[in-house]
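Visitor: Quick one: structure below, then a few questions.
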2 protein chains.
Amino acid sequence: MAAKMIYGEEVARGILGAIERDISELREKDVFPGLATILVDNDEPSKIGSSMIFLKKIETLFKHMNVYFESHLRPKDVSEYELIGLIHALNDDPKITGILLIYPVPDHLDFTNTGYQINKLKDVDGLNWLNNGSFVSAKDIEEMQKRNIVIPCAALGILQILNHMGITLQGENVTIVGRGWCARPIITISIASDATVTICSSKTRNLKDETQRADILFSVTGKPKLITGDMVKEGAVVIDVGINRSPEGKIVGDVDFDSVKEKASYITPVPGGIGPMTVTMLLKNLIELTKKSNQIHIDSILYS
Amino acid sequence: MAAKMIYGEEVARGILGAIERDISELREKDVFPGLATILVDNDEPSKIGSSMIFLKKIETLFKHMNVYFESHLRPKDVSEYELIGLIHALNDDPKITGILLIYPVPDHLDFTNTGYQINKLKDVDGLNWLNNGSFVSAKDIEEMQKRNIVIPCAALGILQILNHMGITLQGENVTIVGRGWCARPIITISIASDATVTICSSKTRNLKDETQRADILFSVTGKPKLITGDMVKEGAVVIDVGINRSPEGKIVGDVDFDSVKEKASYITPVPGGIGPMTVTMLLKNLIELTKKSNQIHIDSILYS
């Protein structure tokens, strides 16, 4: 059996129309969304490589949608103090309605403490602890939606893709390989969906035992070809959240595509799988936050 | 083989001495910790039963340690508005340095939204989203300690007990039965400890498969006798975080003690296991927050 491919771009296309209408409506009210990204240079070529790919995708989509976008690059020895200063300046900048600090940052910087400084109303990826705390505290996905919680972009994209494919997490054995910053929101949505969730780290004794149990397998490690065909159950859904640059310069995920596609029922390729959805969800979160802060602005004029 | 018992009271005794010294030091500076608890009545006798047990334990310890304590009981039809009003009054009350909203609350109240109103410097159980977000964002336990993060009481108690018994979570198969509010901090510390973590919900298809894999098994469901001997691996560590009142009025956990103790290597009984540690950690978190707000108070006088 060869797996069916899940192309994020296809799913994204169905959502972009609605986003476009939202943007037009905002423009009619003279409200313009604007995104600022912050990327810190990194010694490790694989890490900076995947961040650059992400940034390039953002630039392409925002140009295509005609939404304001500015990119701030900082050298690898930038201090936390400088970075927080930049975030505060962007918090105060009226043409910026969303700020994204791109993960990872070099080791001397505290990613969560820095991300916490992003104004919660400009926090497109849920880094501010108020948004993050609200997200992880929600009982289930329904509560997240009801409360208009910022769901981090990759996790939101995954929810939309699964929904589009008619795949539900409830009661399924979900294995998540990786427990770092990028994996956490995927852990949260899986628990909130009442899946049976297994989280593996680099200290997991027998990774194959854990991946073979999965009905739905997420890999979020940044290690090319970590997941091979023998590690995957026949008919499993395999979602590859890794973006890596191979030594030959090719963009690859965590999954050894050729061997896994023979076992899985569905598989997301890299590139073209989760990535395009993540970028689209970034735009979606930006638009939602722009609407929300504009509403707060109007309320404060009306009721002051 | 019969399991060794883990008595929380024994572990707590070793910690209470240090807490006592901290309290004396604060008193010498005319600083007095004070805790306010809020308990909302509940139709379900099992739920209100376990809350009343918890409250009674708090009262006993705080009287014994001579620390100020006040208890606010509210009827089951209290509105969220009234409850938030009470929290705001306690936030402003100088004799109260810590506030605990006891879980669960009746369904018409939003627990996390209400708990969020607790001032982050009085938030002894990490309900405020700033504290919660900071807790779940931490890379590992070391980072939690370095940052002086409020670790919710039950999870902090579990960390101390495991540490005391020389049991480490890293690389172990940890199964957590339950994914509700009380289970979440235990999930967080297990992931942060680099365990291989499996989380089961009421929708888990074959619970026994999941519990039998566990080197360390946590049950956090509030369902008496859910975990029976046949569900436990020979030599597993079994931590019972349930507190229930049986129909006969006895206090019992989630674990069928008699059958499980024949299989486990370590087991925490109910009562006398995790409970006493949770109450002691409540006092510890209260003292830490009292120290911190007093320091902020002094700083604001010195540097203003």
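Visitor: Among what's in the stretch B:31-41 and is part of a loop (DSSP other than H, G, I, E, B) and modelled with pLDDT of 95 or more, pick the residue that is farthest from the chain's Cα centre (by Cα).
Guide: Among residues in the stretch B:31-41 that are part of a loop (DSSP other than H, G, I, E, B) and modelled with pLDDT of 95 or more, the one farthest from the chain's Cα centre (by Cα) is B:Val31.
Visitor: Another question about this same structure. Go through (1) within 23 Å of A:Thr228 (Cα to Cα); (2) in contact (Cβ under 8 Å) with a residue 60 or more places away in the chain and name the single condition A:Trp181 misses.
Guide: Of everything listed in (1) within 23 Å of A:Thr228 (Cα to Cα); (2) in contact (Cβ under 8 Å) with a residue 60 or more places away in the chain, A:Trp181 misses just condition (1).
Visitor: Also, quick follow-up: Can you tell which of B:Gly115, B:Gly85 is more than 26 Å from B:Asn244 (Cα to Cα) and without any contact (Cβ under 8 Å) to a residue 60 or more places away in the chain?
Guide: On inspection, the qualifying residue turns out to be B:Gly85.
Visitor: Evaluate the stretch B:27-35: report whether one residue or more is farther than 20 Å from B:Ile96 by Cβ, touching a strand residue (DSSP E or B) at 6+ places or on another chain (Cβ under 7 Å) and either of a type in the set (Phe, Trp, Tyr) or surrounded by fewer than 17 Cβ atoms within 10 Å (Cβ to Cβ) (or both).
Guide: no
Visitor: Then there is this: Does the stretch B:48-63 include one or more residues that are over 30 Å from B:Lys225 (Cβ atoms), among the aromatic types (Phe, Trp, Tyr) and more than 15 Å from the chain's Cα centre (by Cα)?
Guide: yes
Visitor: Could you check the stretch B:214-232 and list, in sequence order, the residues that are charged (D, E, K, R) and away from every other protein chain (no Cβ under 14 Å)?
Guide: Correct list: B:Lys223, B:Lys225, B:Asp230.
Visitor: State which residue is nearest to A:Glu234 (Cα to Cα) when the search covers only the stretch A:5-26 and only residues that are at pLDDT 95 or above and among the charged types (D, E, K, R).
Guide: The residue in question is A:Glu20.
Visitor: Ok, one more. Of the conditions (1) in a loop (DSSP other than H, G, I, E, B); (2) at pLDDT 95 or above; (3) more than 16 Å from the chain's Cα centre (by Cα); (4) crowded, with 17+ Cβ neighbours inside 10 Å, B:Leu83 satisfies every one except a single condition; which number is it?
Guide: Condition (1) is where B:Leu83 drops out.
Visitor: Exactly one of these conditions fails for B:Thr97: (1) touching a Lys or Arg at 6+ places or on another chain (Cβ under 8 Å); (2) free of Cβ contacts under 8 Å to residues at least 60 places away in the same chain. Give me its number.
Guide: Failed condition: (2).
Visitor: How many of the residues making up the stretch A:119-140 are within 12 Å of chain B (Cβ to nearest Cβ) and in a loop (DSSP other than H, G, I, E, B)?
Guide: Residues meeting the conditions: 6.
Rundown of residues vs (1) closer than 21 Å to B:Ser201 by Cβ; (2) among the small types (Gly, Ala, Ser); (3) surrounded by fewer than 20 Cβ atoms within 10 Å (Cβ to Cβ), yes/no style:
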residue: A:Arg184; (1), (2), (3): yes, no, no
residue: A:Ile187; (1), (2), (3): yes, no, no
residue: A:Ala192; (1), (2), (3): yes, yes, no
residue: A:Cys200; (1), (2), (3): yes, no, no
residue: A:Ile227; (1), (2), (3): no, no, no
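Visitor: How many of the residues in the stretch A:1-36 are out of contact with any Pro (no Cβ under 9 Å at 6 or more places or on another chain) and of a type in the set (Ser, Thr, Tyr)?
Guide: 1
Visitor: Return the residues of the stretch A:86-118 that are of a type in the set (Val, Ile, Thr) and in a helix (DSSP H, G or I); say none if nothing qualifies.
Guide: A:Ile87, A:Thr112, A:Thr114
Visitor: Need a quick list: helices (runs of 4 or more DSSP H) entirely within the stretch B:141-213 having at least 3 residues that are under 21 Å from A:Ile189 (Cβ atoms) and more than 8 Å from chain A (Cβ to nearest Cβ).
Guide: It comes to B:184-192.
Visitor: In addition: Would it be correct to say that A:Lys208 is in contact with an Asp or Glu (Cβ under 6 Å, 6 or more places away or on another chain), among the basic types (Lys, Arg) and farther than 22 Å from A:Met277 by Cα?
Guide: no
Visitor: Do you know which of the residues in the stretch B:269-304 that are among the polar types (S, T, N, Q) and without any contact (Cβ under 8 Å) to a residue 40 or more places away in the chain is surrounded by the most Cβ atoms within 10 Å (Cβ to Cβ)?
Guide: Here the answer is B:Gln295.
Visitor: Among the listed residues B:Arg13, B:Arg27, identify the single one that is in a helix (DSSP H, G or I) and over 26 Å from B:Pro271 (Cα atoms).
Guide: Result: B:Arg27 is the single residue among B:Arg13, B:Arg27 that is in a helix (DSSP H, G or I) and over 26 Å from B:Pro271 (Cα atoms).
Visitor: Any residue at all in the stretch B:67-78 that is at pLDDT 95 or above, in a loop (DSSP other than H, G, I, E, B) and within 24 Å of B:Ile287 (Cα to Cα)?
Guide: yes
Visitor: Kindly evaluate A:Ile243 against the criterion of being touching a residue at least 12 places away in the same chain (Cβ under 8 Å), buried (at least 22 other Cβ atoms within 10 Å of the Cβ), closer than 22 Å to A:Thr112 by Cβ and within 14 Å of another protein chain (Cβ to nearest Cβ).
Guide: So A:Ile243 does not fit the description; no.
Visitor: What number of residues in the stretch B:238-267 are out of contact with any helix residue (DSSP H, G or I) (no Cβ under 8 Å at 6 or more places or on another chain) and of a type in the set (A, V, I, L, M, F, W, C)?
Guide: Total satisfying the criteria: 4.
Visitor: Taking the conditions exactly as written (in contact with a Gly (Cβ under 6 Å, 6 or more places away or on another chain) and part of a loop (DSSP other than H, G, I, E, B)), does A:Lys223 satisfy them or not?
Guide: Considered against the rule, which asks whether it is in contact with a Gly (Cβ under 6 Å, 6 or more places away or on another chain) and part of a loop (DSSP other than H, G, I, E, B), A:Lys223 comes out as no.
Visitor: Inspect the stretch A:42-58 for any residue being touching a helix residue (DSSP H, G or I) at 6+ places or on another chain (Cβ under 7 Å) and assigned to a helix (DSSP H, G or I) and give the result as yes or no.
Guide: Yes, the stretch A:42-58 contains at least one residue that is touching a helix residue (DSSP H, G or I) at 6+ places or on another chain (Cβ under 7 Å) and assigned to a helix (DSSP H, G or I).
The values are calculated or read from the model by the stated rules, or taken from the named source; none is laboratory data. Being a predicted model, the structure only gives us computed values, none of them experimental. Cβ sites come from the backbone with ideal geometry, for glycine too, and all protein chains shown count toward neighbours.
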